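Student: To start, I am sharing the structure in question, which I have written as structure tokens.
The values are calculated or read from the model by the stated rules, or taken from the named source; none is laboratory data. Note that this is a predicted model, so its numbers are computed, not measured. In this analysis, Cβ positions are derived from the backbone assuming ideal geometry, glycine residues included, and neighbour counts consider all displayed protein chains.
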Amino acid sequence: MHSPQYINDITRVKGISEKELVNLKPVMDKFEFRSNEYYLSLINWDDPDDPIRRIIIPCREELDQWGKLDASDEKKYSVMPGLQHKYLSTAVFLASDSCGGYCRYCFRKRLFIYPEQKEFLTDYEAAYNYVRQHTEINNVLITGGDGLMLSTGKLENLISNLRSIEHVKIIRIGTKLLSYNPYRVINDPELCELIKRYSLPDKRIYIMVHFSHPREITDVSLKACDMLIRSGAILCNQTPLLRGVNDDPQVMGELFNRLSFTGIAPYYIFLCRPTVGNLTYAVPVEEAFHIFQTARGICSGLGKRAKITMSHAEGKIEVLAMTEENIIFRIHRAADPDDSGKVFICRRNNQAYWFDDYKEILEIIHHQDLEY
């Protein structure tokens, strides 16, 4: 049974030269590194621009001054440490304090840099009681960190308690382990048995996977995905649009196609959050929308299901369309239910990375004023 070894010390990564290690020391003094033998084996070390390398290996540009630690103001929606309730029907459990690898573009890196900002869930009974008392919550996302870094025993305890709450219909597990370490699934038949027990015909378990580049979809990861699908889970993919990884329409289109071929629904393409250290990975809004639309043009309808959005403090803001002069946004998921569906028509700004960068809002249309 193969179980790849985790690596937290970047000096143990064989593909990095001594000179590069010296160059990266200031980055390592600020941001941690973590990967494993399996994922590192996907890197073409002869290519300095290899997209898998870009996802997991640090670069000096992470020190560029840009962004905030909590770019989407998650703290505002934390009702207790490790429990967020931003959207009316959804509760988020930050149940895991570890990941299979540290994505260099992580939007929650604050939780791993500063111990005083750790917000992971510890009081589970209080969390269950909160969900019980809020009957508007019909789905719960188990994430962190990475939801599948929890042991199967801990997941069973979590899921069984949530299944006992009648109004919770959907349980989601957020994970990148299908990319980083699919052996987590392959080596643990009890995990698939857990899915079979609790992913019911009228109340499914969703696994929110995180493939950012087609080369992450290996034979091993496909086997793990197939095991989960055959166990009754619904798999959906979400990824940020990342400079040097998937900012090519052909790459993004291939990702959409391969996901749809395997029965994994393309779900969200996120604009890279303006988080500290992330400027080197961010793509401006209008360039990202062009990449996204071009990629969709080479897919069937089943590959076109993703939406391109920003996880903004006020909600998920979808990029809908562009004209020569204007760009149109819609609040796809709103923190304030009254804002749901609100449309913004803004003057284009090709230097904008985030909704807040659009200073010229020409018109705001409330959902009740829209014709369907």
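Condition check ((1) in contact (Cβ under 8 Å) with a residue 60 or more places away in the chain; (2) of a type in the set (Gly, Ala, Ser); (3) not assigned by TED's automatic domain parsing to the domain that holds ARG243) across all residues:
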residue	(1), (2), (3)
SER17	no, yes, no
LEU21	no, no, no
MET28	no, no, no
GLU32	yes, no, no
ASP46	no, no, no
ASP49	yes, no, no
LEU69	yes, no, no
ALA91	no, yes, no
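Student: Taking the stretch 45-68 as the search range and keeping residues that are closer than 15 Å to LEU242 by Cβ and assigned to a helix (DSSP H, G or I), which one is nearest to the chain's Cα centre (by Cα)?
Tutor: Checked the stretch 45-68; the qualifying residue nearest to the chain's Cα centre (by Cα) is ILE55.
Student: Something else about it: Residues to consider are ARG330, ARG273, ARG296; find the one that is within 16 Å of the chain's Cα centre (by Cα), surrounded by 19 or more Cβ atoms within 10 Å (Cβ to Cβ) and on the phi < 0 side of the Ramachandran plot.
Tutor: ARG273
Student: Residues of the stretch 343-372 being of a type in the set (D, E, K, R) and at pLDDT 95 or above, which ones?
Tutor: ARG347, ARG348, ASP356, ASP357
Student: Within the stretch 298-335, count every residue that is in contact with a strand residue (DSSP E or B) (Cβ under 7 Å, 6 or more places away or on another chain), over 19 Å from TYR267 (Cβ atoms) and of a type in the set (S, T, N, Q).
Tutor: 1
Student: Sticking with this one: Scan the stretch 95-118 and report the pairs whose first residue is under 21 Å from ILE173 (Cβ atoms) and outside any loop (DSSP other than H, G, I, E, B) and whose second residue is modelled with pLDDT of 95 or more and among the hydroxyl-bearing types (Ser, Thr, Tyr), with Cβ atoms within less than 8 Å and a gap of 6+ or a chain change.
Tutor: These pairs meet every condition: PHE112/TYR102.
Student: Please count how many residues of the stretch 308-344 are closer than 20 Å to CYS106 by Cα and of a type in the set (Val, Ile, Thr).
Tutor: Number of matching residues: 3.
Student: Next question, about the same structure. Suppose we keep only residues that are in contact with a Leu (Cβ under 8 Å, 6 or more places away or on another chain) and in contact (Cβ under 8 Å) with a residue 40 or more places away in the chain within the stretch 333-353. Which one would you say is surrounded by the fewest Cβ atoms within 10 Å (Cβ to Cβ)?
Tutor: Checked the stretch 333-353; the qualifying residue surrounded by the fewest Cβ atoms within 10 Å (Cβ to Cβ) is PRO337.
Student: Continuing with the same structure: I need the full set of residues from the stretch 135-152 which are at pLDDT 95 or above and under 22 Å from ASP73 (Cα atoms), in order please.
Tutor: ILE137, ASN139, VAL140, LEU141, ILE142, THR143, ASP146, GLY147
Student: Test ARG60 against the criterion of being under 22 Å from SER98 (Cα atoms) and modelled with pLDDT of 95 or more, and give yes or no.
Tutor: No, not satisfied.
Student: Among what's in the stretch 77-134 and is at pLDDT 95 or above and among the acidic types (Asp, Glu), pick the residue that is surrounded by the fewest Cβ atoms within 10 Å (Cβ to Cβ).
Tutor: So, considering only residues that are at pLDDT 95 or above and among the acidic types (Asp, Glu), the one surrounded by the fewest Cβ atoms within 10 Å (Cβ to Cβ) is GLU125.
Student: Let me ask something additional. Working carefully through the options ALA321, ALA313, find the one that is surrounded by fewer than 16 Cβ atoms within 10 Å (Cβ to Cβ), of a type outside the set (D, E, K, R) and at pLDDT 95 or above.
Tutor: ALA321
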